[in-house]
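These notes are about the structure you will find just below.
Any read-out appearing in this document is the output of simple, stated calculations on the displayed coordinates, not a laboratory observation. Quantities reported herein were computed from a predicted structural model and do not represent experimental measurements. Neighbour counts are summed over all protein chains in view; Cβ atoms, including those assigned to glycine, are modelled from backbone coordinates with ideal geometry.
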Amino acid sequence: MDQHASDAIGRPDLIDLGGGLVCLRFETLKVVSALAAVRRLIETGTVRPGDTVIDSSSGVYAHALALACHRYGLRCHIVGSTTVDPTLRAQLDILGVRLEQMASTDDLRLDQNRRVRRVREIIAAHPDYHWMRQYHDPVHYLGYREVAETLRREVSGDLTLVCGVGTGVSSGALGTYLREGDPDTRMVGVQPFGSVTFASDGVPDRDIIIAGIGSAIPFGNVDHALYDTVHWTGFDAALSGTVDLLRRHAVFAGLSSGAAYLAARWERAHDPARTVVFVAADTGHRYTDSVFARHREATAVEDLKPLDIADTAELRLPWARMEWRRAGPPRQARFDRSA
């Protein structure tokens with residue numbers, strides 16, 4: 001029996017979709033990461049019950065950290081993105097989180113920079129607060145080891161992991177731990193257009209930058225040399241994948257999950273000897289109006305295919321794919337740890 005709701009919320013489901021395609025479905029992806037990180041900080045004496053931890057979040061990590069703080073008796077302060085919706089705001093409020101939400105903006109770079117700047121201001125005023133640094137502190141890798149071990153037990157054969165990149169933690173940790181048992185595990189990262197992480201920042205998406213899988217600033221937890229292949233998906237392609245995932249497989253998941261599903265279908269079709277596991281990071285509830293209500297706009301996924309490119313200068317909407325070949329970061333994604 002679980003001792004706290006975070007155990008149930010954080011535990012992923014493995015769903016065999018058939019044809020060598022497996023969905024690793026989370027209710028909220030980052031719960032396992034936040035729980036393990038907070039537990040380690042308490043074990044090492046870095047924080048104690050009653051202390052305050054703080055971080056910036058576009059939504060999913062805010063919920064995860066709130067649950068971890070509730071479980072371990074910490075106070076939680078979140079500087080939130082404009083994408084934090086009313087449902088999440090209400091949950092955070094009831095869980096005792098202090099939320100500062102940034103004013104609305106269409107500029108993701110401005111939103112992320114403002115949030116980080118505000119966190120630094122708060123830390124300067126409250127040096128006793130602990131900054132979780134989900135973007136840069138590798139302590140967030142720890143929670144995914146058990147998930148990787150479950151994958152290895154439950155899924156046979158040569159694996160390809162398809163996952164939104166985001167902060168680099170979930171895909172990086174799962175790929176790292178899976179490769180401890182099988183160095184030939186392939187890693188496929190999924191990115192939106194407009195993200196600096198894999199150099200698509202020069203190709204803005206007029207509809208949306210998919211929250212959670214891209215970035216306007218460099219992230220220290222992204223290890224570019226882990227990734228064999230990268231897919232960039234625009235909003236329209238991701239919407240089509242998200243709708244098809246629900247219609248074909250009854251999996252109600254978010255927009256980044258639809259993007260990962262689309263990439264996973266392509267990778268499986270072009271390398272049928274491998275089992276492809278893709279990560280569905282969250283449920284579809286916050287996309288009811290922006291995605292699912294527009295399901296009639298979806299293109300049949302069979303009619304979509306990525307533009308195969310050899311250089312990021314060739315990136316084009318609505319969907320592109322490149323063999324990254326475990327190369328290092330592009331110039332704009334290099335993270336300065338001394339800063």
Legend entry - Sequence-distant residues sharing a close amide H with Arg75 (under 5 Å, placed H): Gly50, Asp51, Thr52, Val53
Legend entry - Packing-based ranking, highest mean first, of 10-17, 214-221, 56-63 given that Cβ atoms within 10 Å are counted: 56-63, 214-221, 10-17
Legend entry - the stretch 123-143 versus the stretch 202-258: alpha-carbon centroid distance in Å: 25 Å
Inset, instruction - Collect residues whose amide H, placed 1.01 Å from N in the peptide plane, falls under 5 Å from the amide H of Leu307; neighbours closer than 5 in sequence don't count. - result: Trp319, Ala320, Arg321
Inset, instruction - List every residue whose amide H lies under 5 Å from the amide H of Gln191, counting only residues 5 or more places away in sequence or on a different chain, with H placed 1.01 Å from N in the peptide plane. - result: His231, Trp232, Thr233
Inset, instruction - Go through the stretch 301-310 residue by residue and turn each phi into a ³J(HN,Hα) via Karplus (6.51, -1.76, 1.60, θ = phi - 60°); whole Hz please, and just put x for glycine and proline. - result: 5, 5, 8, 9, 8, x, 7, 6, 10, 10
Inset, instruction - Treat the count of other C-beta atoms within 10 Å as a stand-in for reagent exposure and order Arg115, Arg75, Arg316 from fewest to most. - result: Arg316, Arg75, Arg115
Inset, instruction - Would you work out the charge dipole size for the chain about its Cα centre, treating the Cβ of every Lys and Arg as +1 and the Cβ of every Asp and Glu as -1, and quote it to the nearest 20 debye? - result: 540 debye
Inset, instruction - Compute the long axis of helix 60-72 from its Cα atoms, compare it with the longest principal axis of the Cα atoms of the chain, and write down the angle in degrees, 0 to 90, nearest 10. - result: 40 degrees
Inset, instruction - Find the centroid of the Cα atoms in the stretch 309-331 and in the stretch 274-297, then give the distance between the two in whole Å. - result: 24 Å
Inset, instruction - Quote the Stokes-Einstein diffusion coefficient, in whole µm² s⁻¹, for the stretch 157-222, based on the Kirkwood radius over alpha carbon pairs, a temperature of 4 °C and a viscosity of 1.567 mPa s. - result: 103 µm²/s
Inset, instruction - Specify the residue with the greatest mean-square fluctuation among Asp303, Asp111, Asp137, computed from a Gaussian network of the chain linking alpha-carbon atoms under 10 Å apart. - result: Asp303
Inset, instruction - For Thr150 and His285, calculate 0.36 nm times their separation in residues minus their Cα-Cα distance, and state this gained length in nm to one decimal. - result: 45.9 nm
Legend entry - Signed unit charges on C-beta, dipole axis of the chain, positive-most listed residue Thr185, Met102, Gly18: Met102
Legend entry - Using θ = phi - 60° and Karplus 6.51 cos²θ - 1.76 cosθ + 1.60, couplings along the stretch 171-188 (whole Hz; Gly, Pro as x): 5, x, 5, 4, x, 4, 6, 5, 6, 4, x, 8, x, 8, 4, 8, 10, 10
Inset, instruction - Can you tell me how much longer the chain between Ile122 and Glu43 gets when fully stretched, taken as 0.36 nm per residue apart minus their C-alpha distance, in nm with one decimal? - result: 25.9 nm
Inset, instruction - Calculate one ³J(HN,Hα) per residue across the stretch 27-32 by plugging θ = phi - 60° into the Karplus curve 6.51 cos²θ - 1.76 cosθ + 1.60, and present them in order as whole Hz with x for glycine and proline. - result: 6, 9, 3, 8, 5, 4
Legend entry - Solvent-free Debye scattering, log10 I(q)/I(0), computed from the Cα coordinates of the stretch 19-61 at q = 0.15, 0.25, 0.31 Å⁻¹: -0.52, -0.97, -1.13
Legend entry - Highest-first arrangement of 80-93, 22-35, 145-158, where packing means the average Cβ count within 10 Å: 22-35, 80-93, 145-158
Inset, instruction - Could you tell me which Cys residues in the chain have no other cysteine's Cβ under 4.7 Å from their own Cβ, answering none if every one has a partner? - result: Cys23, Cys163
Inset, instruction - State the antiparallel share, in %, of DSSP beta bridges confined to the chain, rounding to the nearest 5. - result: 25 percent
